[in-house]
1. Taking T182, is it open to solvent by less than 60 Å² (accessible area, probe 1.4 Å), under 17 Å from the mean Cα position of the chain (by Cα), modelled with pLDDT of 90 or more and over 28 Å from G73 (Cβ atoms)?
2. Filter segment 30-53 down to residues that are closer than 27 Å to L162 by Cα and in contact with a helix residue (DSSP H, G or I) (Cβ under 9 Å, 6 or more places away or on another chain) and give me whichever is modelled with the highest pLDDT.
3. Search segment 186-211 for residues that are under 16 Å from W145 (Cβ atoms) and pair each with any residue that is among the basic types (K, R) when their beta-carbon atoms are under 8 Å apart and the residues are at least 6 apart or on different chains.
4. Which one of these is hydrophobic (A, V, I, L, M, F, W, C) and touching an Asp or Glu at 6+ places or on another chain (Cβ under 8 Å): L111, L143, L116?
5. Quick one: would you say S66 is modelled with pLDDT under 90, touching a helix residue (DSSP H, G or I) at 6+ places or on another chain (Cβ under 7 Å) and open to solvent by 50 Å² or more (accessible area, probe 1.4 Å)?
6. Being within 30 Å of A80 (Cβ to Cβ), outside any helix (DSSP H, G or I) and open to solvent by 50 Å² or more (accessible area, probe 1.4 Å), is that true of even one residue in segment 143-164?
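The values are calculated or read from the model by the stated rules, or taken from the named source; none is laboratory data. In this text, all values refer to a predicted model and were calculated from it rather than measured experimentally. Using ideal geometry, Cβ is built from the backbone for each residue, glycine included, and neighbour counts are taken over all protein chains shown. Heavy atoms of the whole protein, side chains included, go into the accessibility calculation; ligands, DNA and RNA do not. Shrake-Rupley method; radii C 1.70, N 1.55, O 1.52, S 1.80 Å.
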Amino acid sequence: MTTTTNATTRPLTVTLVDDYDVVLMGLAHMFDSYRDRILVSEIDANAVLHDSIDIVLYDSFAQPESDHHEIAGLVANPQARHVVVYTWNFQPELVETALGQGVHGYLSKTLPARELVEALEAVARGEIVVSEPGRRAPSAAGLDWPGRREGITDRESEILALITQGKSNAEVATLTYLSPNTVKSYIRSVYRKIGAESRTQAVLWGVGHGFTPDHHRIDHWLGGP
């Protein structure tokens, strides 16, 4: 990843977009030590914005990344000067498609807070910043996701969220770029951790523990109500 160390002269206004409150809050707290450089403009995307935003940071947790209309809609939003995708998934076709749609950054969730801030500042200066792809590593310290307190890993959480949305194993495999057997392995692990013996029990557990998305957050940025 290419970044420079010079800070901007004023804090960047960064809006966080995701369907899950716990994900947004964890990401927001990563900037706690950098409030002189990053101003999180809002958590609730339902709020009406009157000013332009320097960067819309789109957290891809449990989003169907094979459907890129959301990213295109964010790029087209006139209130967003720059759009950055924040993700675990660095399949080359995903990166290429996102950049082709006009995003200015494609950043890894493994970046420590300092490097994430530097990358966002580079984007604000007009650079295109893409994290170096590498082996799947743990998420950066401070991030949060549904089920973390119950011992569910970030990847397991994303898969359980997709199952809670009604996705089949085949659909989950396609959306996460994992093999069907790997998906099944993650699902078995989740079942053990939450005490579920069936998919129905897992979905009910997910609904009761914050795995149901609020799609209105994304709809708001796509020009909806």
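1. On the way: open to solvent by less than 60 Å² (accessible area, probe 1.4 Å): yes; under 17 Å from the mean Cα position of the chain (by Cα): no; modelled with pLDDT of 90 or more: yes; over 28 Å from G73 (Cβ atoms): yes.
It is false that T182 is open to solvent by less than 60 Å² (accessible area, probe 1.4 Å), under 17 Å from the mean Cα position of the chain (by Cα), modelled with pLDDT of 90 or more and over 28 Å from G73 (Cβ atoms).
2. First, pick out the residues of segment 30-53 that are closer than 27 Å to L162 by Cα: 30, 42-47.
Filter once more, so that each one left must be in contact with a helix residue (DSSP H, G or I) (Cβ under 9 Å, 6 or more places away or on another chain): 30, 43-47.
Details: M30: 92, I43: 53, D44: 49, A45: 46, N46: 46, A47: 47.
Restricting to residues being closer than 27 Å to L162 by Cα and in contact with a helix residue (DSSP H, G or I) (Cβ under 9 Å, 6 or more places away or on another chain), the top hit is M30.
3. Y186/R155
4. Numbers: L111 fails: touching an Asp or Glu at 6+ places or on another chain (Cβ under 8 Å); L116 fails: touching an Asp or Glu at 6+ places or on another chain (Cβ under 8 Å).
Exactly one residue qualifies, and that residue is L143.
5. Values: modelled with pLDDT under 90: yes; touching a helix residue (DSSP H, G or I) at 6+ places or on another chain (Cβ under 7 Å): yes; open to solvent by 50 Å² or more (accessible area, probe 1.4 Å): yes.
The answer is yes for S66.
6. No, segment 143-164 contains no residue that is within 30 Å of A80 (Cβ to Cβ), outside any helix (DSSP H, G or I) and open to solvent by 50 Å² or more (accessible area, probe 1.4 Å).
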